[in-house]
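S.K.: My questions all concern the structure below.
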Amino acid sequence: MTRPPEDEDPIRPHSFDGIQEYDKRLPNWWLFTLYITIVFWTCYWSYYQWFHAGPDGPQRVEQQMAAIEAVKLAASPATDDASLWKMSRNPTFVEAGKAVVATNCVVCHLASLKGKDEAITAIGPNLVDTTWIHGGKPSEIYDLITKGVLVKGMPTWGPVLGQKRISEAVAYILSFHQEGEPIEIVPAAPATPPAP
Amino acid sequence: MRDRKVTIEFNDQVVRYFMLASVIWAAVGMLVGVLIASQLNYWRLNFNLPWLTFGRLRPLHTNAVIFAFVGNMMFAGVYYSTQRLVKARLASNFLSWLHFWGWQAIIVAAAITLPLGFSRGKEYAELIWPINIAVALIWVTFAVNFFWTLARRREPSLYVAIWFYIATILTVAMLYIVNHLSIPTGWLHSYPVFAGVQDALVQWWYGHNAVAFFLTTPILGIMYYFLPKAAERPVYSYRLSVVHFWSLVFVYIWAGPHHLLNTALPGWLQSLGMTFSLMLWAPSWGGMLNGLLTLRGAWHKLRTDPVLKFFAAAVTFYGMATFEGPLLSIKSVNALGHYTDWIIGHVHAGALGWNGFMAAGMIYWMLPRLWNKPLHSVSLANLHFWTGTVGILLYVAAMWTSGITQGVMLSATTDNGTVLAYPNFLDTLNTIRPMMLMRVIGGGLFLVGWFMLIYNVIRTLSGAQAVNGSIEVHEEPVPATKPLSLVGAFFNPPVFFSVFGVAFACAWMFGASLVSIGGLVGLITTGVLAFTHFGSRGHAWADWYDRLLVTCLPFSILTFIAVAAGGLIQIIPTVIANQAASVEDRREIPYTPLELAGRDIYVREGCYNCHSQMIRTLVPDVLRYGDYSRLGESIYDHPFQWGSKRTGPDLARVGGKYPDVWHYRHMENPRSISVGSNMPNYPWLLADPLDLSSMPSKISVQRMLGVPYPNWTPEQITERVQTQAKGIADSLKKDGVTVAPDREIIAVISYLQKLGKFEKVEATAVVTSAK
């Protein structure tokens, strides 16, 4: 018999406002929980703070971001003019691009993609006419979406959408255009309505 | 030998008042909670009114529940039980009533100032400085009244509940004062003395331990009195009380940095926060065990007795929440759960389950005794229990699901891990909307249960006569044990082993090579010696502790040393560390006067309740928000605004991401830009003129606090504000928005466009552990 029966448990002699206290042993599993967490503390501290065996937060995230950059570089899609024109005639690419545009672009460029030409309150310019502000060649459109034009409100989409979705969005925009159509560069004049 | 007896009448009137105040403020606090939970689903419930927006009401909800509901409940329980446990009436009627009315006045002042936007911008520490001073004074009133009562006790030895009350009073005073150190800029506004990482550390040392020493330790004390009383069973284990009390109060304080895991907080503090949180698991469960196992032999009473039902469920929820806490403190779990609803679910398991049910059980127990009339309806109390339980379970389950879902979506990537799967933050928000609705239902059910309690209280009280408890005591009490002298209290094996153990552990953790190795050797030696000594002379430790319990002052001093240690070791190195050495490679550019004015509006509107300004060292954060935040990027932020919840996206690098007109339209109506957003409209920012009258005093306080502003005259400040404001108004005009340059929106835009701007500095030193 390792434990005394219930009614033989040691009870403290004193009572407080009628409250009595047993003085039972601490449960072993409870004690071991405490000890294990203390041991864990010493091991964890030794590993990260004493031996510096593991990377700290900034080191780890920089390693991981570098690995991501490598994957990106290895998987770059073709973003030259010819390839993008080819994509714009491919229904699968255009459909995918339409979805990308619908969730990310229409807030400023509107669903029609006509932007300021349709409503003065729209933030983005018209994308379906033949005038362009920052260049109308497919590769130029691709670069512009990737880098953005912060002062005018075009966000940097590269890290948000990734190369694949940006090329799809370009394909969708180009599906409103014809290869060889005129490209008229009109530098932005945002004060006057609508610079396309 | 004389053995005359005298009768003492307890001051139960103040207990009744505190109890009824708690009942009322609970309803208010929870009503606000249900409203703001609904606002998250239906933005129209913000009513386009400044004082009804989420950002201003959420602080009202948290402050009301913590300080008004649990505060009053705690005072009722502490005063009721202490008088009986020490066999003495409360020392001073005047102090008791000053305490009561002072506390209610503070609550009313908070309920007025918070919706009006007067805020310090730190969570659970939003109240403005004049109210802070009032809180400190009333807390001291409470302390004096309490310790004076102890000094007049006729029961020599201190029961475990009293230990917890002592720890509560001392620690809350320490936390509250340090975290509220501020320099006023006027009657209603101040800047905290700490900035950036220092402010973050102090804030969460306070925030975490407000949970520990305002919502946990006093309630554990209350549990140790009311639970064995209601169960009519002895407490399960006295030695468990001793071990879990001391380990709890010592370890709790260290765990604050777990609110700042994976942030710019130095790594050594993060490691401390995580490991000490894990070590907190067993001490917390010691309290749960002592509560639940005390019910052994009384479980059959749970069938009929609502009081015991509430207590048993409350202690169970306590155990659940204190298991979840360490779990969430593991860095990798925290990476997923932090900033999400999981945390909201965690705190509500504590607030509704532990605090709410302990309060209900205590109120149902005291009510018949304080008015000498049976409870109006036991079955209604049972219905309250089941309604409340279902409410909590719905609430917590909804928040777990919501938090984990959103956490997983926010970190999901595609294209071989190179791009976010859900780049639009709103996709993740709109996925969890059903869960947020279920939370409203769960919280609503809990509130319905509380209204049942209110009805029961009203019906029980009608026609009832208040009675005060009394007790017969010997006129001249004789101490049962010889008290310890001050020297005897501190110079003895248990204290020596504890002090040397902590000192060696610190030497090991923070010392340079040889000191560190010596510390480790010393730590192990101390541990072995302590075990050996306890094994052979354990009864001497027990005798010493019995004698310590009859001496209030040494006991209180030892408690204070135990709770102060962790804070001192974490905060002092961070505060005195050379700022230049801790900026890493970047230093924040100080705000222009206009940007500072915009920042004050950001704080006023409580934007930090939904938006963080801290990009963690985690890939999903970096992919979504940009390069991770550095320490130096917030060194001039009084107060820091790192945030603790992302109902909306992080704003640390939002500056320059969108044009001015984007922000204008977004503040006017967020849904015009971000379809599906649940952010309130801020039409008053577009209409109200910016108040510049306090700018000179604000800038001079910032200078005093070390922000490198030149010594501008008020005219120079105004001129700078006007020049910058005109630039923004012009840029808006180009995009078709005409707004006067003196409106608040201009300042807000200037602030938002500045976020994330820093200058490169030479890396002078690498941040290492505290030296």
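The values are calculated or read from the model by the stated rules, or taken from the named source; none is laboratory data. Quick caveat, the model's predicted, so the values are computed rather than measured. Cβ atoms come from the backbone with ideal geometry, glycine included; neighbour counts cover every protein chain shown.
S.K.: If a residue has to be aliphatic (A, V, I, L, M) and over 17 Å from the mean Cα position of the chain (by Cα) to count, how many in segment B:162-218 make the cut?
M.R.: We begin by selecting, within segment B:162-218, every residue aliphatic (A, V, I, L, M); these are B:162, B:166-167, B:169-170, B:172-175, B:177-178, B:181, B:183, B:188, B:193, B:195, B:197, B:200-202, B:210-212, B:215.
So of that shortlist, the ones also over 17 Å from the mean Cα position of the chain (by Cα) come out as B:162, B:166, B:183, B:188, B:193, B:195, B:197.
Counting residues in segment B:162-218 that are aliphatic (A, V, I, L, M) and over 17 Å from the mean Cα position of the chain (by Cα) gives 7.
S.K.: Among the residues of segment A:71-82, is any surrounded by fewer than 18 Cβ atoms within 10 Å (Cβ to Cβ), within 30 Å of residue B:665 (Cα to Cα), touching a helix residue (DSSP H, G or I) at 6+ places or on another chain (Cβ under 7 Å) and not β-branched (Val, Ile, Thr)?
M.R.: The answer is no; no qualifying residue exists.
S.K.: Moving on to the next point. Looking at residue B:198 and the list (1) of a type outside the set (D, E, K, R); (2) modelled with pLDDT of 95 or more; (3) part of a helix (DSSP H, G or I), which single condition is not satisfied?
M.R.: Only one criterion in (1) of a type outside the set (D, E, K, R); (2) modelled with pLDDT of 95 or more; (3) part of a helix (DSSP H, G or I) is unmet by residue B:198, namely (2).
S.K.: Now, a different point. Looking at segment B:121-172 only, could you name the residues that are within 14 Å of chain A (Cβ to nearest Cβ), part of a loop (DSSP other than H, G, I, E, B) and aromatic (Phe, Trp, Tyr)?
M.R.: Narrowing segment B:121-172 to residues within 14 Å of chain A (Cβ to nearest Cβ): B:150, B:153-165.
Cutting the leftovers down to part of a loop (DSSP other than H, G, I, E, B) gives us B:153-159.
Answer for segment B:121-172, where residues must be within 14 Å of chain A (Cβ to nearest Cβ), part of a loop (DSSP other than H, G, I, E, B) and aromatic (Phe, Trp, Tyr): just B:159.
S.K.: Continuing with the same structure: Condition (residue is under 25 Å from residue B:353 (Cβ atoms), crowded, with 22+ Cβ neighbours inside 10 Å and modelled with pLDDT of 95 or more) applied to segment B:176-188: is it met by at least one residue? Spell out the reasoning first.
M.R.: Within segment B:176-188, the first condition is being under 25 Å from residue B:353 (Cβ atoms), and the residues that meet it are none.
No, every residue in segment B:176-188 fails to be under 25 Å from residue B:353 (Cβ atoms), crowded, with 22+ Cβ neighbours inside 10 Å and modelled with pLDDT of 95 or more.
S.K.: Can you tell me which residue within segment B:418-427, out of those that are assigned to a helix (DSSP H, G or I) and surrounded by fewer than 20 Cβ atoms within 10 Å (Cβ to Cβ), is nearest to the other protein chains (Cβ to nearest Cβ)?
M.R.: Start the filter on segment B:418-427 by keeping residues that are assigned to a helix (DSSP H, G or I), which leaves B:425-427.
So of that shortlist, the ones also surrounded by fewer than 20 Cβ atoms within 10 Å (Cβ to Cβ) come out as B:426-427.
Working: B:426: 10, B:427: 8 Å.
The extreme case among them is B:427.
S.K.: Select, from B:204, B:187, the only residue that is in contact (Cβ under 8 Å) with a residue 12 or more places away in the chain and outside any helix (DSSP H, G or I). Show your work before the answer.
M.R.: On the way: B:204 fails: outside any helix (DSSP H, G or I).
That would be B:187, the only listed residue that is in contact (Cβ under 8 Å) with a residue 12 or more places away in the chain and outside any helix (DSSP H, G or I).
S.K.: Now for a different question. Residues to consider are A:60, A:89; find the one that is within 10 Å of another protein chain (Cβ to nearest Cβ) and charged (D, E, K, R).
M.R.: Values: A:89 fails: within 10 Å of another protein chain (Cβ to nearest Cβ).
Result: A:60 is the single residue among A:60, A:89 that is within 10 Å of another protein chain (Cβ to nearest Cβ) and charged (D, E, K, R).
S.K.: For the subset of segment B:308-328 comprising residues that are surrounded by 23 or more Cβ atoms within 10 Å (Cβ to Cβ) and among the aromatic types (Phe, Trp, Tyr), which member is nearest to the chain's Cα centre (by Cα)?
M.R.: Across segment B:308-328, the extreme among qualifying residues is B:318.
S.K.: Take residue A:97 and tell me if it is more than 10 Å from chain B (Cβ to nearest Cβ) and either surrounded by 13 or more Cβ atoms within 10 Å (Cβ to Cβ) or not acidic (Asp, Glu) (or both). Walk me through it before giving the result.
M.R.: Working: more than 10 Å from chain B (Cβ to nearest Cβ): yes; either surrounded by 13 or more Cβ atoms within 10 Å (Cβ to Cβ) or not acidic (Asp, Glu) (or both): yes.
Criteria met by residue A:97.
S.K.: So, residue B:558, is that one in a helix (DSSP H, G or I) and more than 21 Å from residue B:244 (Cβ to Cβ) or not? Break it down into steps so the answer makes sense when it comes.
M.R.: On the way: in a helix (DSSP H, G or I): yes; more than 21 Å from residue B:244 (Cβ to Cβ): no.
So residue B:558 fails the test.
S.K.: Could you check how many residues of segment B:618-636 are within 9 Å of chain A (Cβ to nearest Cβ) and of a type in the set (Gly, Ala, Ser)?
M.R.: The number of residues fulfilling the criteria is 1.
Matching residues to (1) buried (at least 24 other Cβ atoms within 10 Å of the Cβ); (2) hydrophobic (A, V, I, L, M, F, W, C); (3) free of Cβ contacts under 8 Å to residues at least 24 places away in the same chain:
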site	(1), (2), (3)
B:53	yes, no, no
B:75	yes, yes, no
B:87	no, no, no
B:113	no, no, no
B:124	no, no, no
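S.K.: Also: State all residues of segment B:641-688 that are part of a loop (DSSP other than H, G, I, E, B), within 14 Å of chain A (Cβ to nearest Cβ) and more than 22 Å from residue B:432 (Cβ to Cβ); if no residue qualifies, say none.
M.R.: Correct list: B:653, B:654, B:655, B:656, B:657, B:658, B:659, B:669.
S.K.: Then there's this: Could you tell me how many of the residues in segment B:94-111 are farther than 23 Å from residue B:199 by Cβ, among the small types (Gly, Ala, Ser) and surrounded by 22 or more Cβ atoms within 10 Å (Cβ to Cβ)? Give the steps one after another, and end with the answer.
M.R.: Within segment B:94-111, the first condition is being farther than 23 Å from residue B:199 by Cβ, and the residues that meet it are B:94-109, B:111.
Of the ones still in play, those that are also among the small types (Gly, Ala, Ser) are B:96, B:102, B:105, B:109, B:111.
Keeping just the survivors that are surrounded by 22 or more Cβ atoms within 10 Å (Cβ to Cβ) gives B:96.
The total comes to 1.
S.K.: Out of the residues in segment A:137-152 that are among the basic types (Lys, Arg) and over 20 Å from residue A:182 (Cα atoms), state the one that is farthest from the other protein chains (Cβ to nearest Cβ). Steps first, answer last, please.
M.R.: First, pick out the residues of segment A:137-152 that are among the basic types (Lys, Arg): A:137, A:147, A:152.
Narrowing further to those that are over 20 Å from residue A:182 (Cα atoms): A:147, A:152.
Details: A:147: 13, A:152: 6 Å.
The selected residue is A:147.
S.K.: Right, something else. Specify the residue that is surrounded by the most Cβ atoms within 10 Å (Cβ to Cβ); the eligible residues are those in segment B:401-417 that are within 14 Å of chain A (Cβ to nearest Cβ) and in a helix (DSSP H, G or I). Before you say what the answer is, go through the steps one by one.
M.R.: First, the residues of segment B:401-417 that are within 14 Å of chain A (Cβ to nearest Cβ): B:410-417.
Okay, now just the ones that are also in a helix (DSSP H, G or I), so B:410-411.
Numbers: B:410: 23, B:411: 18.
Applying the filter and picking the extreme gives B:410.
S.K.: Of (1) in contact with a strand residue (DSSP E or B) (Cβ under 9 Å, 6 or more places away or on another chain); (2) within 7 Å of chain B (Cβ to nearest Cβ), residue A:49 satisfies all except one. Which?
M.R.: Only one criterion in (1) in contact with a strand residue (DSSP E or B) (Cβ under 9 Å, 6 or more places away or on another chain); (2) within 7 Å of chain B (Cβ to nearest Cβ) is unmet by residue A:49, namely (1).
S.K.: Continuing with this model, one more query. Does residue B:706 satisfy the criteria of being under 31 Å from the mean Cα position of the chain (by Cα) and either assigned by TED's automatic domain parsing to the domain that holds residue B:190 or assigned to a loop (DSSP other than H, G, I, E, B) (or both)? Spell out the reasoning first.
M.R.: Working: under 31 Å from the mean Cα position of the chain (by Cα): yes; either assigned by TED's automatic domain parsing to the domain that holds residue B:190 or assigned to a loop (DSSP other than H, G, I, E, B) (or both): yes.
It is true that residue B:706 is under 31 Å from the mean Cα position of the chain (by Cα) and either assigned by TED's automatic domain parsing to the domain that holds residue B:190 or assigned to a loop (DSSP other than H, G, I, E, B) (or both).
S.K.: Go through the residues of segment A:93-104 one by one and say whether even a single one is closer than 27 Å to residue B:425 by Cα and not in a helix (DSSP H, G or I).
M.R.: Taking segment A:93-104 and keeping what is closer than 27 Å to residue B:425 by Cα, we get A:93-104.
Subset that is not in a helix (DSSP H, G or I): none.
No - not one qualifying residue is present in segment A:93-104.
S.K.: Suppose we filter A:120, A:133, A:145 for residues that are closer than 24 Å to residue B:660 by Cβ and either modelled with pLDDT under 85 or acidic (Asp, Glu) (or both); which single one remains?
M.R.: On the way: A:133 fails: either modelled with pLDDT under 85 or acidic (Asp, Glu) (or both); A:145 fails: either modelled with pLDDT under 85 or acidic (Asp, Glu) (or both).
A:120 is the lone residue from the list that is closer than 24 Å to residue B:660 by Cβ and either modelled with pLDDT under 85 or acidic (Asp, Glu) (or both).
S.K.: Taking segment B:709-765 as the search range and keeping residues that are touching an Asp or Glu at 6+ places or on another chain (Cβ under 7 Å) and more than 22 Å from residue B:602 (Cα to Cα), which one is nearest to the other protein chains (Cβ to nearest Cβ)?
M.R.: The qualifying residue nearest to the other protein chains (Cβ to nearest Cβ) is B:763.
S.K.: Quick check on residue B:704: is it of a type in the set (A, V, I, L, M, F, W, C), away from chain A (no Cβ under 14 Å) and out of contact with any helix residue (DSSP H, G or I) (no Cβ under 9 Å at 6 or more places or on another chain)? Explain how you work it out, then say what you get.
M.R.: Numbers: of a type in the set (A, V, I, L, M, F, W, C): yes; away from chain A (no Cβ under 14 Å): yes; out of contact with any helix residue (DSSP H, G or I) (no Cβ under 9 Å at 6 or more places or on another chain): yes.
Yes; evaluated as a whole, the condition is true for this residue.
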